[in-house]
Amino acid sequence: MTAPTAAPALKAVLHVSEADRLAHALANAENLRAARPDAEIRLVLNGGAVTAVQGQNKVTEKLGQALAAGLKVQLCRNALKAQGMELDGNTLPDGMEVVPAGVLALAEAQQDGFAYIKV
């Protein structure tokens with residue numbers, strides 16, 4: 001009789017390109033984390049979604065909680081520039097980073113074995 005093998009590590013990248021979808025993506029990430037606490041979850045924000053990280057509101061409060069719980073968030077530098085936003089690694093919360101291009105971050109995540117989920 002062979003011993004049961006552990007399930008492989010679950011890795012998921014959630015792609016958010018519209019600001020009004022960030023709350024939904026955060027709920028998806030929270031549900032995934034509840035079902036699989038060991039999962040590695042990443043959000044990639046590009047397009048208009050990068051504007052959703054500004055200001056103080058229920059969504060940014062939820063984002064802060066998710067970051068504190070270990071969620072990784074990548075913001076597309078091209079989208080930030082297109083939206084006239086100036087953010088850099090020194091002004092971002094822990095767990096959030098600016099990447100050169102959202103599409104590149106998505107492709108690299110998939111290459112690294114992350115499941116792609118469009119939100």
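The values are calculated or read from the model by the stated rules, or taken from the named source; none is laboratory data. Because the structure is predicted, anything quoted here is derived from the model rather than measured. Cβ atoms come from the backbone with ideal geometry, glycine included; neighbour counts cover every protein chain shown.
Structure notes:
- Residue that is nearest to residue 25 (Cα to Cα), among those in region 78-119 that are among the charged types (D, E, K, R) and modelled with pLDDT of 90 or more: 118
- Filtered residues of region 1-24 (kept if farther than 15 Å from residue 70 by Cα and either at pLDDT 95 or above or in contact with a Ser or Thr (Cβ under 9 Å, 6 or more places away or on another chain) (or both)): 15, 16, 17, 18, 19, 20, 21, 22, 23, 24
- Within region 96-119, the set of residues being surrounded by fewer than 18 Cβ atoms within 10 Å (Cβ to Cβ) and part of a loop (DSSP other than H, G, I, E, B) comprises 100, 101, 112, 113.
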